Amino acid sequence: HVQLVESGGGSVQAGGSLRLSCEASAYTHCMGWFRQAPGKEREGVARIYSDGSAAYHTDSVKGRFTISKDNAKNTLYLQMNSLKPEDTAVYYCAAKPTPYGGTFGGYTYWGQGTQVTVS
């Protein structure tokens with residue numbers, strides 16, 4: 001079992017910034033960030049190969065959020081700038097052990113989730 005430990009969530013005003021971190025206990029093929037707001041389906045936010053390459057961001061956050069990876073620490077980051085109220089959600093770090101399932105599919109391991117509130 002791969003453990004993912006998240007940190008960095010909180011409450012900020014619109015236009016503010018937060019940086020989420022996710023420490024992984026082992027290497028996997030790909031890591032990503034997802035979010036889920038009350039009453040809505042979980043959506044993929046961003047993903048990156050576990051070697052730090054091929055970053056991808058969904059259109060709603062492109063230009064505002066940046067996913068990155070510290071390979072030496074096996075730690076995933078999500079820098080969130082220009083936050084909007086619609087970004088309010090529980091954010092989850094996730095990891096997938098294989099290259100299959102598409103951009104946001106095939107994720108097997110999940111963090112505990114961290115609340116991000118923008119007002």
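The values are calculated or read from the model by the stated rules, or taken from the named source; none is laboratory data. Everything numeric here is computed off the predicted structure, so don't read it as measured data. Neighbour counts run over all protein chains shown; Cβ positions are idealised from the backbone, glycine included. All accessible areas refer to the heavy atoms of the entire protein, side chains included, with ligands and DNA or RNA removed. Shrake-Rupley method; radii C 1.70, N 1.55, O 1.52, S 1.80 Å.
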Original post:
Of these, 79, 13, 36, which one is out of contact with any Leu (no Cβ under 7 Å at 6 or more places or on another chain), under 18 Å from residue 119 (Cβ atoms) and in contact (Cβ under 8 Å) with a residue 40 or more places away in the chain?
Top reply: 13
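When segment 38-57 is examined, which residues are found to be more than 25 Å from residue 2 (Cα to Cα) and under 13 Å from the mean Cα position of the chain (by Cα)? Working first, answer last.
In the first step, residues of segment 38-57 are kept if they are more than 25 Å from residue 2 (Cα to Cα); the result is 38-40.
Hits for segment 38-57: nothing passes.
Looking only at residues in segment 24-35 that are within 22 Å of residue 58 (Cα to Cα) and more than 11 Å from the chain's Cα centre (by Cα), which one is surrounded by the fewest Cβ atoms within 10 Å (Cβ to Cβ)?
Among them, the one singled out is 29.
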Subject >> Where residue 11 falls short, out of the listed (1) part of a loop (DSSP other than H, G, I, E, B); (2) more than 15 Å from the chain's Cα centre (by Cα) >> reply: (1)
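Look through segment 55-75, keep the residues that are under 18 Å from residue 9 (Cβ atoms) and either in contact with a His (Cβ under 9 Å, 6 or more places away or on another chain) or touching a residue at least 40 places away in the same chain (Cβ under 8 Å) (or both), and return whichever of them is surrounded by the fewest Cβ atoms within 10 Å (Cβ to Cβ). Before you say what the answer is, go through the steps one by one.
First pass over segment 55-75, keeping only residues under 18 Å from residue 9 (Cβ atoms): 61, 64-68, 75.
Filter once more, keeping what is either in contact with a His (Cβ under 9 Å, 6 or more places away or on another chain) or touching a residue at least 40 places away in the same chain (Cβ under 8 Å) (or both): 64-67, 75.
Working: 64: 15, 65: 21, 66: 17, 67: 21, 75: 17.
That would be 64.
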**OP:** Give the residue that is modelled with the highest pLDDT, with candidates limited to residues of segment 38-54 that are surrounded by 14 or more Cβ atoms within 10 Å (Cβ to Cβ) and assigned to a loop (DSSP other than H, G, I, E, B).
**Re:** 42
Original post:
Going through segment 76-93 one residue at a time, which ones are open to solvent by less than 60 Å² (accessible area, probe 1.4 Å), under 17 Å from residue 41 (Cα atoms) and over 9 Å from the mean Cα position of the chain (by Cα)?
Top reply: 87, 88, 89, 90
Subject >> Residues (crowded, with 19+ Cβ neighbours inside 10 Å and within 18 Å of residue 18 (Cβ to Cβ)) located in segment 95-113 >> reply: 111
Original post:
With 20, 4 as the choices, which residue is at pLDDT 95 or above, surrounded by 17 or more Cβ atoms within 10 Å (Cβ to Cβ) and farther than 22 Å from residue 63 by Cβ?
Top reply: 4
